[in-house]
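The values are calculated or read from the model by the stated rules, or taken from the named source; none is laboratory data. Because the structure is a prediction, the values reported are computed rather than measured. In this analysis, Cβ positions are derived from the backbone assuming ideal geometry, glycine residues included, and neighbour counts consider all displayed protein chains.
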Amino acid sequence: MPHTAAPTLLADLGGTNVRFGLADPGREVPLLADSVRRYKVDEFDSLAEAAKHYLKATGLSARRAVFAAAGRISDGQTVQITNNPWAISAKTMQAELQLESVHLVNDFAAQSMAVMLLQPHDLVPVGRLPLPKLGAKEEQTFVIVGPGTGLGVGGLLLRSGKCSVLQTEGGHAGFAAHTPEDIEILKTLNHRYGRVSNERLICGNGLVNLYGAICDIAGQTPEVLKPEDITARASAGDALCVQVVETFAGIFGSVAGDLVLTLGAWDGVYLTGGLVPILLPWMERGHFRERFEAKGRFRETMEQVPTQAIMNPEPGLIGAAALAIVEAGGSLLHRHD
């Protein structure tokens, strides 16, 4: 049974940061913008401790919570975060924070739901195709994919006026090499790690892995660089780092295109994650769409699938707010009429 609208504590928990906010599900713009705070995960022993700190620091209060976490949700009740040490139980959180309910979801389920609340100014087309109108057809299927600390993958399904999400761990699917350079990169990373997933290449540390592999292939000794060092050097014109970010953009395009084929997401792809705004200039230069569309007999079909970058900095919290609206019995599709 749907709840009535009530102040809802939101959290977007990744491998490095946790973001909190407060939603009023009864408002047209439910996420209260001045409520958003970000903390480093390593500053706290648990999500409950971080949430208590947030509520005390802001003076806010809530009756319910929707927590989006970067990990697989078990039985809707527990999650072990993939890239940080926290383990979370909905029942324990509900008791510790004295809430009526706690809803745990995969972070990319929330990112997928965020699409329903995003405005045109939150999105930038990657390629020449226009943005799709949500709800324009009885059935629409979208991919949501994005690199941050890891690689998240979700799906958004619109069916006869209702929306639902697919919670996946698609970022851990195996990397498929498509070019001679890909094959050499795969050989290098396979020697280092054994199995090579897409996340080994398409995330923050993936930039570092690509940099090391490209140096190895070129017979150069890699420097000790962080992801932000690589993107900064690429922006400054360093040829090797430009090659790294261009290779990243191309492989990201291949991965996104494979997800369209896998889910039948012919209506479009939303690109999200902390790296997308940083790498957008290289994605727009053609490597992303070139490899996104390079799907053999499905090239003509893929040429008609739009891709767009989410530029809003808080899609996880916006998606959690969208879930709070649904739990309160509200509708999301009417906002796009």
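Checked against the criterion of being under 28 Å from Gln119 (Cβ atoms) and either without any contact (Cβ under 8 Å) to a residue 40 or more places away in the chain or among the polar types (S, T, N, Q) (or both), the candidates Thr262, Thr272 yield just one match: Thr272.
Can you pull out the residues in the range 89-116 that are touching a residue at least 60 places away in the same chain (Cβ under 8 Å), of a type outside the set (Gly, Ala, Ser) and crowded, with 21+ Cβ neighbours inside 10 Å? Across the range 89-116, the qualifying residues are Val105, Asn106, Asp107, Phe108, Gln111, Met113, Val115, Met116.
For the range 30-58, filtering for residues that are aliphatic (A, V, I, L, M), at pLDDT below 95 and exposed (fewer than 13 other Cβ atoms within 10 Å of the Cβ) leaves 1.
Pairs linking a residue in the range 187-215 that is surrounded by fewer than 17 Cβ atoms within 10 Å (Cβ to Cβ) to a residue that is at pLDDT 95 or above and among the small types (Gly, Ala, Ser), with Cβ atoms under 8 Å and 6 or more positions apart or on different chains, are Arg195/Gly174. Only residues that are in a strand (DSSP E or B) and of a type outside the set (A, V, I, L, M, F, W, C) were counted across the range 16-46, and they come to 7.
For every residue, the table says whether it meets (1) part of a strand (DSSP E or B); (2) hydroxyl-bearing (Ser, Thr, Tyr); (3) in the same structural domain as Leu259 (by TED's automatic domain parsing); (4) at positive phi.
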| position | (1), (2), (3), (4) |
| --- | --- |
| Val105 | yes, no, no, no |
| Gln111 | no, no, no, no |
| Gly127 | no, no, yes, yes |
| Pro130 | no, no, yes, no |
| Ile144 | yes, no, yes, no |
| Val153 | yes, no, yes, no |
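Residues in the range 103-136 that are in contact with a strand residue (DSSP E or B) (Cβ under 8 Å, 6 or more places away or on another chain) and over 30 Å from Pro7 (Cβ atoms): Val124, Pro125, Val126, Gly127, Leu129, Leu131, Pro132. Applying the criterion of being buried (at least 17 other Cβ atoms within 10 Å of the Cβ) and not in a strand (DSSP E or B) to the residues of the range 61-82, the residue that is nearest to the chain's Cα centre (by Cα) is Ala70.
Taken together, Val224, Val244, Val260 contain a single residue that is buried (at least 24 other Cβ atoms within 10 Å of the Cβ) and over 25 Å from Leu156 (Cα atoms), which is Val244.
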